[in-house]
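Right, one structure below, let's go through it.
Nothing in this text is a laboratory measurement; each read-out follows from the coordinates by a stated rule. Predicted model only: the values in this text are computed from it and were never measured. Heads up, the Cβs are rebuilt from the backbone with ideal geometry, glycines too, and the neighbour counts pull from every protein chain shown.
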Amino acid sequence: MKIDKKFKGLVNEGWRYRFDDDIETTESLEIDLDMGLFITGSIEAGGSIEAGGSIEAGGSIEAGGSIEAGGPIKAGGFIKAGWSIKAGEFIEAGWSIEAGGPIKAGGSIKAGEFIEAGESIEAGGSIEAGESIEAGGLLRQVGLLKQVGLLKQVGLLKQGSLLKQGSLLKQVGLLKQVSLLKQVGHMG
C-alpha cells in the first residue's frame, strides 16, 4: 500500500498531512509525502512501514517487518516491529517500543512503559523508559539513560553521560560508563 498526496481522505495542514482514521494493510506500507504524516488512529502493516519524513499516530504503530522513517516516529500507544525500528530523529511511545531486531534513533528514545529489542538499542540522545529497558545486544546512547524498573542487557552498555537506575541492573557483558552511574536498587 502506498500513501501519497492523492491518498483518499488525506488532509494537507500546511506543515504535515493528517488522516482521520486507522491505516491497516496486510502488505508493506510506503509513505511517499513531502511532509510528515499524522494518523489520528493506529497504523498496522503486515510487512514493513517506510517513510522519508515523520510518522505519528494517535494510537499505535505496528509492522510485521521493519519501521523506518527519515524523521521522528511517535505513537500515543505502542510501537512494535517484527524486525527493526529506525528513525532519523527521535522515537517516542506513550506505552512501549518493541522490536525483534535493533532499535536505532538519531535523537532520543522514550517510552512510558518499556523498551525491548532483540538486538541493539542505539540513540543519539537519551534513552528513557518508565519501567524497563531490555536489549539482546549493544545498548548505546549519548545522553541520559533513565529507567525505573529492570535494565537487562546482554552485550556492551556504552554510556556517555548519566545512567540513572531505580531498580535492578542486570548486565552480562561490559558496562562502559564515562560519567555518573546512579543505582538505587540491586546491581548484579
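Under 10 °C and 1.306 mPa s, how fast does the range 1-100 diffuse according to Stokes-Einstein, given a Kirkwood radius computed over C-alpha pairs? Answer in µm²/s, whole number. The diffusion coefficient I find is 124 µm²/s.
Taking θ as phi - 60° and the Karplus parameters 6.51, -1.76 and 1.60, the scalar couplings of the range 11-21 work out to 10, 8, 9, x, 10, 7, 9, 10, 10, 8, 4 Hz in sequence order, x denoting glycine and proline. In this structure, the amide hydrogen of G46, modeled 1.01 Å from its nitrogen in the peptide plane, lies closer than 5 angstrom to those of T25, T26, E27, G64, counting only residues at least 5 positions away or on a different chain.
Place the peptides 35-42, 90-97 in order of packing, highest mean first, counting for every residue the other Cβ atoms within 10 Å and averaging per peptide. Spell out each step's value before the answer.
Working: 35-42: 19.1, 90-97: 23.4.
Descending mean neighbour count gives 90-97, 35-42.
Take the Cα of V11, step 7 Å along the line toward its Cβ, and report every residue of the range 32-51 whose backbone nitrogen sits under 13 Å from that point. Only 38-41 fall inside the zone, counting backbone N under 13 Å. Less than 5 angstrom separates the built amide H of A93 from those of A75, K110, A111, G112, all sequence-distant by 5 or more or on a different chain. Neighbours of G36 by Cβ distance under 9 Å: Lys/Arg scored +1, Asp/Glu scored -1, total 0.
Packing-based ranking of 73-83, 23-33 yields 73-83, 23-33, ordered from highest to lowest mean Cβ neighbour count within 10 Å.
Residues whose amide H lies under 5 Å from that of I39, counting only those 5 or more places away or on a different chain, are F19, E56, A57, G58; hydrogens are built 1.01 Å from N in the peptide plane.
Report, in debye and to the nearest 20, how large the dipole of the range 1-100 comes out about its Cα centre when Lys and Arg carry +1 and Asp and Glu carry -1 on their Cβ.
Working: 9 positive and 18 negative charges, 29 e Å.
Roughly 140 debye, rounded to the nearest 20.
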